[in-house]
Each structure stands twice: as structure tokens, then as C-alpha cells.
Amino acid sequence: MNISKSKTLFSQAQHSIPGGVNSPVRAFKAVGGDPLFIKRADGAYLYDEDDNAFIELINSWGPMILGHNHPEIKEAIIKAMENGTSFGAPTAREVHIAERIVQMVPSIEKVRMVNSGTEATMSAVRLARGYTGRDKFVKFEGNYHGHGDAFLIAAGSGAITMGAPNSPGVTTGTAKDTLLAPYNDLEAVKQLAEANKGEIAAIILEPVPGNMGLVLPKEGFLEGLRSLCDKEGILLIFDEVMTGFRLAAGGAQERFGVIPDLTTMGKIIGGGMPVGAYGGKKEIMDYVSPVGPVYQAGTLSGNPIAMAAGMAMLDHLNDHPEVYEQLETIGTRLVTGVKKSLEKLGLSYTMTHLGSMYSLFFTDQEVIDFETAKSSNTELFGKYFQAMLKRGVYLPPSQFESLFLSTALKDKEINHILQANEESLKEILSL
Ligand SMILES: *Cc1c(COP(=O)(O)O)cnc(C)c1O
């Protein structure tokens, strides 16, 4: 595969951009090799600067659930652009998209638009703290909530000790208010709640984590957190930046029937434009400025072009429930096919799958949390990634990311992926 233009751009990029990229995972550090510079995308395919074509299994880390360049979204963006790109004042579109979100997402009665998932989670935690008058919150190891200081926290030594900064620049002052628990461990959360009684504002989690590879919540885990929160006056925040509008039209909360107090969203909600949102019960959301005391603002929040793209996306998902059935079918076909090859070749593996998300872990352990996810052979994953790329399939460049499927994957692409998978597995096993 000739990637000379990408190579040249990457070395040029090092001079003016830290590490040559605007978000670290894009640098391919976890899998080796040079990142591809993408020139364009269409439907199920990405094209790099050297005009190599790749079948998409990242889809911009989730947003492009209908594939690239979907005609309805493209048209909405072009039409909106003709009337100006930013006003910094209220628009009819913001009312419409808010009403659409309220209608689609079970827990949301009011919603505020922001510009990224990171902003959504930072704002939701601030709101939870303001509303409850408490400082601490609980997050889970291996769950990602964007790059806000309060979330860049690693577990301390004991199960119920306070967190420690996970990045230089995050202060110990910030870290002391973030409590960490292993995912799927309800007992650990109960212990934290006991040891910090009356001090915890919120528990935030990915209801179905996709940021340590895909991990499924154990039966009763989400329900258990819901009852604990009710009992202790803690707000339950579902970070559905990844799962929202993906696992169902109403996200993981609809799929699992567990209703959080606040929900954060991003990715799909912008139809490929930079958008995030947080919403929930009226009474809590009315604590946000200007009606309430908790401050949160944004110059480009509710941007007309971004809202037009998001609106077209949400309208499509709302009006076409068959999208979710299609995604289930595509997911099941791929996972079944990949497993068949793995069995045939006798490789030890764990696969996790829900709807249009799945992960292949190179481990024989059941993956239920960050510890077990880390038991994967990441070196083998790196080889598998490169072998797939060479065969025209673009996987997330890390073991600890979920794959994201789109409705643009048809028979031809599914067959190509399964063929590439079997050949790649043989290659890494040197058969
Ligand atoms: C991607 C992601 C974020 C961060 O969103 P950005 O738009 O990248 O800031 C937060 N939470 C979850 C669960 C995510 O997957």
C-alpha cells in the first residue's frame, strides 16, 4: 500500500502541531505505523491522500451512523449555510432540535446545547454539584468523559481512597473530589457512598462503556446504581455521548429501561458537526443560568449550521426506526462471521457486542471492567490492525476502542470485512 503522501504530511505536521495530530489517538501510537491523512469520505468508505480506499469501522468515532455524505444531512448543511454561519442569538432551529431530543430521549425534559462531549460532561457535573450542594462525584475506571480536569483521574491505591491526577496539569485539589470505582462493581460504589455519606453529588458513567473497548453492564448494575442514587440523594448521570441515538433512538437508557437524572450527549447529535448537549429533569435543568444560578455559556452553542446537521440526523433516525434493525443485523452478521474465523483458527479471544458496537479482545478472560480489558494482548491487536488496514479495512487504532457500524455497510462491505478478518488472523498467527 502506497501511503507516501500521508507519510510526508505527517512529518510536516510534526513541525506545527504537537505530535502532528489534533487528538492523540489519531497518531496510531497504540498500533504503530504512520497515520493516514484523509482526503474525503463517502458512504461506507474513507479515502486517504494517496487515494487508497478503506471500509469504515470508526465512522468518526461514532457520529456517522448513516455513513458519510448522507444526502439529507448534506443538503441541510448547504441550505443552512446560505443564510449565514453564526448569529450568537436564538434561532427557531434550536427550539426544534430541543423538542426533538426531548421527544426521543426518555429522561430528558429540558436540554442545553454545547459544542462537544467534553463540554457536556463538565457542565453536567457542575450542575449536579450546584443542584445538590455537594462537591464529590463518582466515576468508573476505564470510562471516558472527555478531557475535563475532574475526569482525568486515576484510581488511588485502595478501593475507597480518593483519586490521583492522571495527567500533569490536573491538580491534587481537583483530584480529591473525584472518587473511582471499578466498572460493574456495585459493592465498591456502595462502599464509596457509605464512606462519603452526604458528600456525593453525582455518579457518572457510560451506561455501556465503549472507551475501554466495548464492555457490557452486568445484569442489575444500572438498576443498582439507580436505587443507590435514589436512596442517597445522588444524581445519576448517563454519559451517552457514544451510546446516545446509537444503541436505540433513545440511547442506552431506552434499551435498558433505566432512567438517569441527567444525560450527556455528543457525536451523533451533531450529524458530523461539533455538537454536544446535556439534559434531564426540568427541575434540575432549571438550575442552569439564566433561569438558575449555575453558570454555563457558549459563543457558538446552538450554531445554525451544526443545528441543521444535527436536526437532519435526528429527524432521520426518528422517522426511520428500521435503521436500528438494520444495524442489529449488520452487527450480528459481522460478529458471527468474525467469531467463526476465530474458532476455526483456535485463537483465544473475547468478543463483546451490542447493536452497532463491538470489540474483539485478544484475551481469554471475560471482559467486565478496565482490569480485565487490560489483560488483552495489545501487541497482537496492533498486528491485527495493520493486517486489516492493508486489506482496506479501517479499524479504531487501539484495542481500547469500540468499533462503530453504519447503515452504509452493505453485503459487499460485510463480505470484504469478513474475508479480510480471516486473512488477517491467519497472517498474525503466521499460518
Ligand atoms: C467521545 C466521548 C466524550 C468526549 O466527547 P468530545 O466531543 O470528544 O469532547 C465524552 N464521553 C464519552 C462517553 C465519549 O465517548
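The values are calculated or read from the model by the stated rules, or taken from the named source; none is laboratory data. Bear in mind that the values here come from a model prediction, so they are computed numbers and not experimental data. Every residue, glycine as well, gets a Cβ built from its backbone with ideal geometry; the counts of neighbours run over all protein chains shown. The area values use the complete protein model at the heavy-atom level, side chains included, leaving out ligands, DNA and RNA. Shrake-Rupley method; radii C 1.70, N 1.55, O 1.52, S 1.80 Å.
Of note:
- Number of Lys-Lys pairs in region 71-319 with C-alpha atoms under 12 Å apart and a separation of 8 or more places or on different chains: 6.
- Relative packing of peptides 245-253, 288-296, 146-154, 54-62 - highest average C-beta neighbours within 10 Å first: 245-253, 54-62, 146-154, 288-296
- Counting only DSSP beta bridges whose two residues both lie in the chain, roughly 60 percent are antiparallel.
- The spread of Cα positions in region 12-123, taken along each principal axis and listed from longest to shortest, comes to 46, 33, 30 Å.
- Efficiency of FRET between ASN2 and SER289 - r from beta-carbon atoms, R0 51 angstrom, step 0.05: 0.45
- Label-point gap, in nm, between GLU379 and THR336 - each point 7 angstrom along Cα→Cβ: 3.6 nm
- Three-way shape call for region 120-159 based on the alpha-carbon gyration tensor, with the a/c threshold at 1.5: oblate
- Rounded to 5, percent antiparallel among DSSP beta bridges of region 71-319: 45 percent
- The Cα trace of region 71-319 gives Rg and Dmax of 17.9, 57 Å, the first to one decimal, the second as a whole number.
- In the chain, helices alone account for a calculated mean residue ellipticity at 222 nm of -11500 deg cm²/dmol, with every DSSP H run of four or more residues adding -39,500 (n - 2.57).
- Contour minus Cα-Cα distance for ALA92 and GLU109 (0.36 nm per residue): 4.3 nm
- Region 343-431, relative contact order in percent, only Cα pairs under 8 angstrom and at least six apart counted: 27 percent
- Within the accessible area of the chain (1.4 Å probe), percent carbon and sulfur: 52 percent
- LEU300-SER167 pseudo-label distance in nm [points 7 Å out on the Cα-to-Cβ vector]: 1.9 nm
- Between GLU232 and ASN415, the modelled labels are 5.4 nm apart [label points 7 Å from Cα along Cα→Cβ].
- Linear extension gain, HIS147 paired with GLU422, 0.36 nm per residue minus alpha-carbon span: 95.4 nm
- At an R0 of 35 angstrom, the distance between the Cβ atoms of THR329 and GLU366 translates into a FRET efficiency of 0.85.
- Normalised per residue, the accessible area of the chain is 42 Å², obtained with a 1.4 Å probe and no contribution from ligands, DNA or RNA.
- Order of exposure, largest accessible area first, which applies to SER16, SER348 with probe 1.4 Å: SER16, SER348
- Cα-only radius of gyration and Dmax that characterise the chain, units Å: 21.4, 65
- Once the C-beta distance of ILE78 and GLU343 is scaled by a Förster radius of 41 Å, the resulting FRET efficiency is 0.30 to the nearest 0.05.
- Burial ranking of peptide ranges 318-329, 191-202 (average Cβ count within 10 Å, highest at the top): 191-202, 318-329
- Region 146-234: translational diffusion in µm²/s, Stokes-Einstein, Kirkwood Rh over Cα pairs, 4 °C, 1.567 mPa s: 94 µm²/s
- Neighbour net charge for GLY210 - beta-carbon separation under 12 angstrom, K R +1, D E -1: -2
- All lysines inside 26 Å of LYS5 as judged from Cα atoms, apart from same-chain residues fewer than 8 positions distant: LYS29, LYS39, LYS383, LYS390
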